[in-house]
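The values are calculated or read from the model by the stated rules, or taken from the named source; none is laboratory data. Nothing here was measured: the structure is a model prediction, and the numbers come from that model. Backbone-built Cβ (ideal geometry, glycine too); neighbour counts: all protein chains shown. These area figures cover heavy atoms from the full protein model, side chains too; ligands, DNA and RNA do not enter into them. Shrake-Rupley method; radii C 1.70, N 1.55, O 1.52, S 1.80 Å.
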Amino acid sequence: MALTETSRRGVAATVCVLVLLASTWAVTGYVRRAAAETPSDKSNSARTAPSGTADSDQPVVKLTPSQQTQIGLETALLEAAPHPEQFRAYGAVLDISRITELTNNYANAQAQLQTAQAKLEVARSAYDRTKNLVDSAALPKKEAETAEGTLRVDKAALAGAESQLRTLTATAQQEWGPVIGRGIVERSPAVVKLIERDQLLVQVTLPPGVTVTGTPGTALAQAPTRNANIDLQYISPATRTDPRIQGLSYFFSVPGDSGLLPGMNTTVYVPSGNTYEGVFIEDTAIVRWQGRSWVYLRVSPDSFRRHPISMDQPVSDDDYVVRDIPSGSEIVMRGAQVLLSEEAKSELRGGDDD
């Protein structure tokens, strides 16, 4: 009986030792696993750390070098440089029926003036002959009086034609300014092109309080019917402003086949005469998402982050100068759309996991 009790106590002691050893092994294994995972986590953090040149609020998109090669991803280190500053203005393609009317009216008035001048010359010659015959008693005095009356009527007709011509000249310059007004009077090639719709007339109005240095020269307009910019050629200051905007206005011409039509409104970029520092980028680097424009900046060899930009300074159909990208940033020039797709897929997968 004593031996049996002793045996039981020995078994219990052995069990306790085994449990203690098992617990020690479990804790040791956990610590080893934690130690093994820690460097990986640190490495991960280092790769996804946000760059000072990107918007840290946006998620990072990761692509291995082989994936980057597969999609044809290209980047470029871009430096800021001085560029001409442009103001965002408001353009309206004008109906030029009034120019056509004034041009026709002036041509008719000019023809009437020439007719009146011819009649007056005939009446003056007739009066001179009649007066000589009356003085020689070959004709009665009343014939001279009749010829004199005709001469006076023709003189009045000539004065009326001259007055009409002066009135139309003044009206053309008051309504359209000295440049277009003189073109109406002289029927210049520029006005003929407007009448024949080879060129369209655009009134460009700056925002209130905005002024440009010197004359604009050229400007860029966005056609509502296509994604392109259109070159506008400066004509003259406008004689009136757009009542909706109340800013300085200018007249520009644009080719008739540009996609613009009379009555259309368009956004116009007018050179201010000043320069500013900005980064030149092509349209292929820009993606549109949630109503904004973005580019992707490289933040590490295999990581890219979306960065918002403003596209208020176009320089051609598909090139822009961007102020809000730090100089020296590495920008994705080809493959940005693929990065946006990968980012969207990653967000969807994250939502599914939730």
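Between ARG288 and GLU347, the simple label model (points 7 Å from Cα in the Cβ direction) yields a spacing of 1.7 nm. Note on SER125 and ARG166: with the Förster distance fixed at 35 Å, the Cβ-Cβ geometry gives a FRET efficiency of about 0.85. Among the protein heavy atoms, those of TRP176 account for about 10 Å² of accessible surface (1.4 Å probe, every chain in place).
Put the Cα centre of the range 124-191 next to the Cα centre of the range 215-280 and the gap is 44 Å. Around the amide H of GLY278, modelled in the peptide plane, lie the amide H atoms of ALA81, HIS83, all under 5 Å away and 5 or more residues distant in sequence or on another chain. In this structure THR146 has an accessible area near 90 Å², from a 1.4 Å probe over the protein heavy atoms. Between ASN274 and GLU79, the C-beta separation translates, for a Förster distance of 35 Å, into a calculated FRET efficiency of about 0.95. The dipole here belongs to the range 146-199: it is taken about the Cα centre, uses +1 on the Cβ of Lys and Arg and -1 on the Cβ of Asp and Glu, and is about 60 debye.
Phi-derived couplings, Karplus 6.51 cos²θ - 1.76 cosθ + 1.60 at θ = phi - 60°, listed residue by residue for the range 245-260: 10, 6, x, 5, 10, 9, 9, 10, 10, 9, x, x, 9, 6, x, 7 Hz, with x used for Gly and Pro. Each Lys and Arg adds +1 at its Cβ and each Asp and Glu adds -1 at its Cβ; summed about the Cα centre, the range 275-348 shows a dipole of about 260 debye. Here the spin labels are modelled as points 7 Å beyond Cα on the Cα-Cβ line, and at MET264 and LYS142 they lie 7.1 nm apart. Here the Karplus curve 6.51 cos²θ - 1.76 cosθ + 1.60, taken at θ = phi - 60°, turns the phi angles of the range 281-293 into couplings of 9, 8, 5, 5, 7, 9, 10, 10, 8, 6, x, 10, 10 Hz, with x standing for Gly and Pro. Within straight-line reach of LYS155, meaning a Cα separation under 29 Å, sit the following lysines at least 8 residues removed in sequence or on another chain: LYS119, LYS131, LYS141, LYS142.
Within the straight-line cut-off of under 18 Å between alpha carbons, the lysines reachable from LYS62 are LYS42, LYS345, sequence neighbours fewer than 8 places apart in one chain being disregarded. Residue separation of ASN132 and THR241 scaled by 0.36 nm, minus their Cα-Cα distance, works out to 33.1 nm of gained length. Derived scalar couplings between HN and Hα for the range 59-70 equal x, 8, 9, 10, 9, 6, x, 5, 5, 4, 5, 5 Hz in order, rounded to whole Hz, by the Karplus curve 6.51 cos²θ - 1.76 cosθ + 1.60 (θ = phi - 60°), x for Gly and Pro. Magnitude of the charge dipole for the range 122-169, about its Cα centre and with charges confined to Cβ atoms of Lys, Arg (+1) and Asp, Glu (-1), is about 60 debye.
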